[in-house]
């Protein structure tokens with residue numbers, strides 16, 4: 001258990017890297033679902049992860065063609081994209097303007113010392129992903145007590161997951177993350193694990209079961225209060241099955 005949010009997850013991962021001779025990182029848990037094609041209970045294994053909470057908040061009055069503060073020095077960029085608040089307001093003038101999503105600034109162990117790199121989408125290990133594909137036909141439980149899902153949950157490899165230290169329970173933002181970034185699993189820790197693993201040149205993979213619709217479902221309450229236990233069980237089940245697929249301890253998986 002790392003605790004809630006990106007900082008806790010990043011610190012915990014770095015401590016494990018510093019204290020143990022890790023050969024890889026397997027991260028698992030539950031997540032909100034931003035993809036209308038998937039259901040609660042499904043277990044997702046994203047191919048890429050990104051931190052969606054690092055922003056440059058643009059000043060009021062500036063437009064998309066205006067340079068961001070500190071952009072000229074390479075600290076910030078307009079390459080990833082933005083969220084414009086006025087598109088989600090009933091008022092004609094929105095002082096919040098827009099936020100631009102930013103890549104992380106990293107210093108990989110395989111890079112040149114003191115020479116920064118930038119990364120937004122972090123790929124999971126290809127060898128781990130190849131093993132994970134063998135789990136796509138796994139049968140998973142469908143009901144919590146007398147409450148059942150509309151269909152049996154499935155394991156699926158998805159394109160992208162996104163993390164930020166924000167619990168998403170908002171239909172408009174859920175739709176934005178999926179339409180803008182093709183994100184499926186949205187949660188609060190995995191991108192930090194991915195960033196540390198990437199910087200330390202360690203293979204990693206993330207298994208996230210969908211516990212709720214991130215605000216896109218019932219107007220009454222978030223579904224996680226009912227289905228988080230089922231999602232957590234499914235996530236652990238797939239993790240255990242994935243570990244069983246790993247080669248013997250003396251063998252080392254090579255990233256392709």
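Each reported figure results from applying straightforward, stated rules to the coordinates on display, with no laboratory input. The structure presented is a predicted model; accordingly, all values stated were derived computationally and were not measured. Because the Cβ atoms are built from the backbone with ideal geometry, glycine has one as well, and the counts that use them run over all protein chains shown.
Points worth noting:
- For segment 132-175, alpha-carbon Rg over 2.2 N^0.38 Å: 1.56
- Estimated FRET transfer efficiency (residue 65, residue 37; beta-carbon r; R0 35 Å; 0.05): 0.50
- In terms of other Cβ atoms within 10 Å, 122, 157 run from fewest to most in the order 157, 122.
- FRET efficiency, residue 182 to residue 130 (Cβ-Cβ, R0 22 Å, nearest 0.05): 0.55
- Rounded to the nearest angstrom and listed largest first, the equivalent-ellipsoid semi-axes of segment 83-226 from its Cα gyration tensor are 29, 27, 11.
- Cα centroid separation - segment 12-88 against segment 106-142, whole Å: 14 Å
- Prolate/oblate/rounded call for segment 1-50, Cα gyration tensor, a/c under 1.5 rounded: prolate
- Only alpha carbons enter this Debye calculation for segment 141-204, each as an equal point scatterer, and the log10 of I(q)/I(0) it gives at q = 0.17, 0.19, 0.22, 0.23 Å⁻¹ is -0.82, -0.93, -1.02, -1.04.
- Whole-angstrom Cα spans of segment 147-255 along principal axes, big to small: 52, 31, 20
- Fewest neighbouring Cβ atoms within 10 Å first, the residues 133, 174, 78 line up as 133, 78, 174.
- Given their separation in residues at 0.36 nm each and the Cα-Cα distance between them, residue 8 and residue 236 gain 80.0 nm when the chain is fully extended.
- With Cα atoms as the point set, segment 1-139 shows a radius of gyration and Dmax of 19.1, 56 Å.
- Each of 112, 77 has some number of other Cβ atoms within 10 Å of its Cβ, and from fewest to most they run 112, 77.
- Calculated FRET value between residue 243 and residue 114, using beta carbons and R₀ = 45 Å, to 0.05: 0.75
- Semi-axis lengths (Å, descending) of the ellipsoid that matches the C-alpha gyration tensor of segment 60-145: 37, 27, 9
- Pairs of Cα atoms farther than 24 Å apart, the chain, %: 51 percent
- Residue among 159, 180, 87 with the largest mean-square fluctuation in a Gaussian network model of the chain, springs linking Cα atoms under 10 Å: 87
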